[in-house]
Amino acid sequence: MADMIVVGGGYVGLSAALAVKLAAPHLDIQVIEAAPQDQWKRDPRASAIISAATKMLSVFGVWDEIAPQSQPINKMIITDSKANDPVRPVFLTFDGTVEDGEPFAHMVPNVAMVGALLKAAEKAGIPIHNDVRATGFSNSGHQADITLSNGTTLSARLVVACDGVRSRIRDMAGIKTVTWAYGQSGIVTTVEHERPHEGVAEEHFLPAGPFAILPLTGNRSSLVWTERTEDADRLVASDDLVFDTELERRFGHKLGAIRASSDRRAFPLGLTLARAFVAPRLALAGDAAHGIHPISGQGLNLGFKDVAALAETIVEADRLGLDIGTIHVLERYQTWRRFDTFRMGVTTDVLNRLFSNDVMPLRIARDFGLGLVDRLPKLKNYFIAEAAGTNVANNPKLLTGQAI
């Protein structure tokens, strides 16, 4: 019987396994991943990793490998306009640095992050079972049993579900969710442009939803383009000429000639919050616990915060000789993470509803609010520290760069 089995071998699942294994090498930690072994190499996306998360990755010993492939975000610009407006006034700008000149976030290719975490997991001796799905979950009191699609059964004192917003483990454990759809989809692609971006990220609030331009290494940017679902589906299915024309209308000409340089995909957007983050012998982390709108760029980082809090909870319980899978131990993790997660879910929901429209009174009010924040340096510094994850009084140790 294993001590801990992580279901889901993405960045959150691998980080959860590593965080516990590195702090408690005697524990038997295993990972189950439904995708084939090299599937992660086909992921063209990039993710925004906040300063606190890079500190955790440094503790894992993987950030030095990831950093050369990452792009610091040096500045953030926010505008509010229509797609056809000839001028897009800037209402709010953020300097992208926090303590000691550290960027508040980096853009990291997913393949670089997963590849480095996989190497570290192999070095730490963490077995990864690829190309198998969890088809059954049961809790017998002293252990949890997971039935796999290949017919085998694995047992552990604790199961950590990191298997995404449609988590099968969560559903099989009977944990309910609060869920609603926004009628929007996020188009994700990479754009090449003629001029350098200077590490500047931009978020344009357009009537259909936010249009985020996030800098990558070289003259490239990652795009998260929110549209109404029927329009997003039409754009993704359109030919290159139509897509690039619509892209140029929203992107503008500030970086010269542009073109989409990777496959384009559309992902439906909604809010999903698990009613409980734990059950006997089970903890949820990452999108299995919460799926939020990408308007704030905090979805993955919420998962890293889960990892840091859960690992600290488990390791400290083990050092005290406690059973790491009991509800008494896991309740501490739930208490630690639940309020922050619900707060972020509500915040992104309100922001999306406030900005994804063209109602004139709302536009006037939100533009006034953005302009007011722009004129208050202390308030801006507070928001950037919150976004970077460095302004939290009870941050888990890993998010401050300390080993557990």
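Of everything in segment 239-261 that is in contact with a helix residue (DSSP H, G or I) (Cβ under 8 Å, 6 or more places away or on another chain) and farther than 24 Å from PRO109 by Cα, the residue that is surrounded by the fewest Cβ atoms within 10 Å (Cβ to Cβ) is VAL242. Residues in segment 1-17 that are in a helix (DSSP H, G or I) and not aromatic (Phe, Trp, Tyr): VAL12, GLY13, LEU14, SER15, ALA16, ALA17. Among the conditions (1) at pLDDT 95 or above; (2) of a type outside the set (Lys, Arg); (3) under 18 Å from the mean Cα position of the chain (by Cα); (4) in a loop (DSSP other than H, G, I, E, B), LEU57 misses just one, which is (4). Kindly indicate whether any position in segment 151-164 is surrounded by 22 or more Cβ atoms within 10 Å (Cβ to Cβ), assigned to a loop (DSSP other than H, G, I, E, B) and touching a residue at least 40 places away in the same chain (Cβ under 8 Å). Among the residues of segment 151-164, at least one is surrounded by 22 or more Cβ atoms within 10 Å (Cβ to Cβ), assigned to a loop (DSSP other than H, G, I, E, B) and touching a residue at least 40 places away in the same chain (Cβ under 8 Å), which makes the answer yes. Return a yes/no flag: does segment 270-280 have any residue that is surrounded by fewer than 17 Cβ atoms within 10 Å (Cβ to Cβ), under 22 Å from LEU206 (Cβ atoms), in contact with a helix residue (DSSP H, G or I) (Cβ under 9 Å, 6 or more places away or on another chain) and not β-branched (Val, Ile, Thr). No; the residues of segment 270-280 include none that is surrounded by fewer than 17 Cβ atoms within 10 Å (Cβ to Cβ), under 22 Å from LEU206 (Cβ atoms), in contact with a helix residue (DSSP H, G or I) (Cβ under 9 Å, 6 or more places away or on another chain) and not β-branched (Val, Ile, Thr).
Answer yes or no as to whether LEU284 is within 16 Å of the chain's Cα centre (by Cα), surrounded by 20 or more Cβ atoms within 10 Å (Cβ to Cβ) and without any contact (Cβ under 8 Å) to a residue 60 or more places away in the chain. Criteria not met by LEU284.
Comparison of ASP306, ASP340 shows that the only residue that is modelled with pLDDT of 80 or more, of a type in the set (Asp, Glu) and closer than 19 Å to SER58 by Cβ is ASP306.
Could you list, in sequence order, the residues of segment 165-197 that are in a loop (DSSP other than H, G, I, E, B) and not small (Gly, Ala, Ser)? Hits for segment 165-197 are VAL165, ARG166, ILE175, LYS176, GLU194, ARG195, PRO196, HIS197. The test for being in a loop (DSSP other than H, G, I, E, B) and in contact (Cβ under 8 Å) with a residue 12 or more places away in the chain does not hold for ASP306.
Consider VAL108 against the criteria (1) part of a strand (DSSP E or B); (2) open to solvent by less than 10 Å² (accessible area, probe 1.4 Å); (3) over 23 Å from ARG42 (Cα atoms): it satisfies all of them except one. Which criterion is unmet? Against the list (1) part of a strand (DSSP E or B); (2) open to solvent by less than 10 Å² (accessible area, probe 1.4 Å); (3) over 23 Å from ARG42 (Cα atoms), VAL108 comes up short only on (3). Note on segment 205-223: residues that are among the hydrophobic types (A, V, I, L, M, F, W, C) and within 16 Å of HIS193 (Cα to Cα) total 5.
For segment 168-205, filtering for residues that are among the aromatic types (Phe, Trp, Tyr), within 24 Å of SER222 (Cα to Cα) and open to solvent by 30 Å² or more (accessible area, probe 1.4 Å) leaves 1. The number of residues in segment 216-265 that are over 17 Å from SER356 (Cβ atoms), in contact (Cβ under 8 Å) with a residue 60 or more places away in the chain and basic (Lys, Arg) comes to 4.
Can you work out which of the residues in segment 8-21 that are in contact with a strand residue (DSSP E or B) (Cβ under 6 Å, 6 or more places away or on another chain) and either open to solvent by 10 Å² or more (accessible area, probe 1.4 Å) or of a type in the set (D, E, K, R) (or both) is modelled with the highest pLDDT? Filtering segment 8-21 for residues that are in contact with a strand residue (DSSP E or B) (Cβ under 6 Å, 6 or more places away or on another chain) and either open to solvent by 10 Å² or more (accessible area, probe 1.4 Å) or of a type in the set (D, E, K, R) (or both), the one modelled with the highest pLDDT comes out as LYS21.
Looking across segment 217-238, just one residue is surrounded by fewer than 21 Cβ atoms within 10 Å (Cβ to Cβ), within 20 Å of SER296 (Cα to Cα) and of a type outside the set (S, T, N, Q), and that is ARG228. Put simply, of PHE277, PHE342 the only residue that is aromatic (Phe, Trp, Tyr), more than 26 Å from LEU214 (Cα to Cα) and in contact with a strand residue (DSSP E or B) (Cβ under 8 Å, 6 or more places away or on another chain) is PHE277.
From the set of residues in segment 38-74 that are under 13 Å from ALA116 (Cα atoms) and among the small types (Gly, Ala, Ser), which is surrounded by the most Cβ atoms within 10 Å (Cβ to Cβ)? Only one residue fits best here, namely SER70. Tallying residues that are assigned to a helix (DSSP H, G or I) and under 14 Å from ILE404 (Cβ atoms) within segment 18-54 yields 6. Scanning segment 290-340 for residues that are in contact with a Gly (Cβ under 8 Å, 6 or more places away or on another chain) and either among the small types (Gly, Ala, Ser) or open to solvent by 40 Å² or more (accessible area, probe 1.4 Å) (or both), we see that the one that is farthest from LEU18 (Cα to Cα) is PRO294.
The values are calculated or read from the model by the stated rules, or taken from the named source; none is laboratory data. These numbers were taken from a predicted model, which means no experiment stands behind them. When we count neighbours, we look across all protein chains shown, and the Cβ atoms used for this are built from the backbone with ideal geometry, even at glycine. Note: areas computed on protein heavy atoms with side chains; ligands, DNA, RNA excluded. Shrake-Rupley method; radii C 1.70, N 1.55, O 1.52, S 1.80 Å.
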